[in-house]
1. Can you tell which of Val111, Val102 is modelled with pLDDT of 95 or more and β-branched (Val, Ile, Thr)?
2. Restricting attention to the range 189-206, which residues are buried (at least 20 other Cβ atoms within 10 Å of the Cβ) and under 21 Å from the mean Cα position of the chain (by Cα)?
3. Please work out which one of (1) out of contact with any Cys (no Cβ under 8 Å at 6 or more places or on another chain); (2) surrounded by 20 or more Cβ atoms within 10 Å (Cβ to Cβ) is the condition Val82 fails and give its number.
4. Consider Ala434 against the criteria (1) in contact (Cβ under 8 Å) with a residue 40 or more places away in the chain; (2) crowded, with 22+ Cβ neighbours inside 10 Å: it satisfies all of them except one. Which criterion is unmet?
5. If I go through the range 219-228 residue by residue, how many of them are crowded, with 24+ Cβ neighbours inside 10 Å and under 19 Å from Asp29 (Cβ atoms)?
Amino acid sequence: MQKTVLMIIAVLSFLLLNSQTLIYFRVSDSLTLNPYESNDFYSNEVLSNIVETLVDYDLQKRVFLPLLAEGWQAEDNARRWVFNLRRDVFFHNGEPLTAHLVVDALKKSRVSSSFFPFRKKFFFDNLIDLKALNNRQLQFVFNRSFPNLLAFLCTIQNAIIHPASYQEKNFLPIGTGPFKFHSWENEAVVLQKNHNYWRAGGNIEKIYFQTIREAGRRISAMLSAQADIASISSPLEFNELMAAKNLTIISRPSLSLFYLAFNTKQYPFNKLEARLAVKFALDLERIIPYVYQKTVTIARSLLPPDLFFEGYNPVVSSVNLNKARNLFRQTGIKSGQKIALCYGSGNVANRQLAERIALNLKKIGLEVEKKEFNFKDLLIRLDQGEYQLVMLGWTEDIDPLLFLYPLFMNPSSAGASNRSFYYNAELNRLFELAFTAATLFEKQNYLKQIMALLERELPLIPLFHYNESFCHQKSVKKLMISPKGYLIFREAVKEVR
């Protein structure tokens, strides 16, 4: 493995001689490049540079913006929506964007919605009609008021791809974005410039998204200019790279959550008292700043601050060892009970966090066995439910309902991201009412009840929100970070060294 990594770095270093090629080292590989099946950061990071949605969202101003659609109208109390498409957009295969192709793409998305059952339940099952009115206009008709449509259409799972994406043996994404798919092998996704892109762009012709899991190798490659860009996953990397004169670090708070999930189907965390005991035993106000320094923000809620809604004030509690020990005694669990804490590899800080969680829980009688896996193996283990605790990250779109619901949907559903295996009929009812609410006031009222129930039942403990950070050579300019923490290369420029 070590020899293979060194060979990869050597080959990519040669490519750096081309001033229009970018080499980006990241922690993990993508799992899929089908936007309708993608539910992980590393897949969506690549897809965000290949595909586009009908509408966009300005997180600071909290307004929806035109993207592939230049405008839209809602009628009949938001039961009927009409979208007008741009005229200057072409797919990567040269075909112009038309309403008929958009409708075809969204219908393909509907077929793939088994990967995201909540999209089927709350979106497609309420859709009466989806059709092209002409080449430039398409229409959605719902069986009820559907004010959440724009939020749904912002998600990468509703991106527009050409039907020919499905014609090869393996799915090959054909989008409208600034870069198009070139190849994917040896844990490297390669994109090349879309010269027919409808917006002005930079001078980058090719991007290599190369997986290099070892933090030390990413640091070394950046310091020796063997890579253009690297993701930063720990304060160790941040501090060492910050000191380098030839490098620049960019950061942005993201719509993300790193959480500790209890497997509520397994002993001992099928008991609420055991979950509460862990909550009061963890000194997160001390641990997280110590381990992560300025690379994260301590979570006060399951929701990132940018998704807080009117009237929502999260309940914040502090460490209380006496309360934790009393709760632990109430469970009848014997001191010395062993539990498995799983987490992903490639991040030194996460390993340190696991160690400090173990030390905190030892104070109430729990013996924590720390288990580290690469991302793919971790997901397999989670799907099989082979753990008591897991630390995991999550990112979703700009609507608090869309952010929360996948984490708590029926865990037996295909595509579920419910790592706590927690399912509550009342919670599900509240989600349904919130999704079908006709007014923002009603929606926010149901959201308050959802948050109160989750804070009471505690299937997850929110740990922190990422400040997504990347390091790049000073010769690279105009990189952007999306609200969800993905690197956007649309305007990127690389100057000759």
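The values are calculated or read from the model by the stated rules, or taken from the named source; none is laboratory data. Keep in mind it's a predicted model, so treat the numbers as computed, not measured. Note that we place each Cβ from the backbone using ideal geometry, even for glycine, and neighbour counts take in every protein chain shown.
1. Val102
2. Val189, Leu191
3. It is condition (2) that Val82 fails.
4. Of everything listed in (1) in contact (Cβ under 8 Å) with a residue 40 or more places away in the chain; (2) crowded, with 22+ Cβ neighbours inside 10 Å, Ala434 misses just condition (1).
5. 2
Per-residue answers, yes or no, for (1) assigned to a loop (DSSP other than H, G, I, E, B); (2) touching a Ser or Thr at 6+ places or on another chain (Cβ under 7 Å):
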{"position": "Trp184", "(1), (2)": "no, no"}
{"position": "Val189", "(1), (2)": "no, yes"}
{"position": "Gln192", "(1), (2)": "no, no"}
{"position": "Trp198", "(1), (2)": "yes, no"}
{"position": "Asn203", "(1), (2)": "yes, no"}
{"position": "Ala225", "(1), (2)": "yes, no"}
{"position": "Ala230", "(1), (2)": "no, no"}
{"position": "Glu237", "(1), (2)": "no, no"}
{"position": "Ala244", "(1), (2)": "yes, no"}
